[in-house]
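The values are calculated or read from the model by the stated rules, or taken from the named source; none is laboratory data. All of these numbers come straight from a predicted model, not from anything done at the bench. For neighbour counting, all protein chains shown are included, and Cβ atoms are generated from backbone atoms with ideal geometry for every residue, glycine included.
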Amino acid sequence: MGIITVRGNHDEWDASLSPENAEFIQSLPIDWRGRFGSTLVYLCHGKPGNNLWGLYRDHISNTLLDMMLASLKVDVLVTGHTHVPLYARVTRGCAVNPGSLYTFKSARSTSHTYAVLSLPSLEFEVFDLTRPIAEPISAELYR
């Protein structure tokens, strides 16, 4: 298995790409569903069914997350779009967002983070690229 990749919202606009790169981007799925060992995973850029909206922890309840995971029939929902780390552990499993590695000119801030999700324990650690030592940042910053 190669690197699992899904199409993001900015990948919808490919005017400045070469024809080969545009074809590659358009070949990427909007979402991906799979299994790692016994853990069922759903990966999307925004939120399930929508590439332009993301999940923020203060906008979603544990009940809603459990319902989303049950509806998707998965243990883990991996999302992005917001550029903000997220870890929400609920009865059914968890929803995670690693944040964003890159900086861009925008009014919206970026986290400069990446994350590691351990399976099947569902432990989640976020790392900040701007720190001199690769140590996980406090979980209180993204829960």
Return the total of residues in the range 49-75 being surrounded by fewer than 16 Cβ atoms within 10 Å (Cβ to Cβ) and either touching a helix residue (DSSP H, G or I) at 6+ places or on another chain (Cβ under 8 Å) or part of a strand (DSSP E or B) (or both).
-> 2
Determine the pairs where a residue that is under 8 Å from Arg7 (Cα atoms), located within the range 23-34, has a partner that is among the charged types (D, E, K, R) and surrounded by 14 or more Cβ atoms within 10 Å (Cβ to Cβ) with Cβ atoms under 6 Å apart, the partner being 6 or more residues away or on another chain.
-> Ile25/Asp11; Ile25/Asp14; Leu28/Arg7; Ile30/Arg7
Tell me which residues, restricted to the range 23-48, are among the aromatic types (Phe, Trp, Tyr) and crowded, with 19+ Cβ neighbours inside 10 Å.
-> Tyr42
One residue from Val76, Val90 being of a type in the set (A, V, I, L, M, F, W, C) and either modelled with pLDDT under 85 or touching a strand residue (DSSP E or B) at 6+ places or on another chain (Cβ under 9 Å) (or both) | Val76
Lys105 being modelled with pLDDT of 95 or more and exposed (fewer than 13 other Cβ atoms within 10 Å of the Cβ) | no
Among Gly99, Gly37, Gly93, the single one that is within 26 Å of Phe127 (Cβ to Cβ) and under 10 Å from the mean Cα position of the chain (by Cα) is Gly99
By residue number, the members of the range 12-29 that are at pLDDT 80 or above and either in contact with a helix residue (DSSP H, G or I) (Cβ under 8 Å, 6 or more places away or on another chain) or part of a helix (DSSP H, G or I) (or both) are Leu17, Pro19, Glu20, Asn21, Ala22, Glu23, Phe24, Ile25, Gln26, Ser27, Leu28
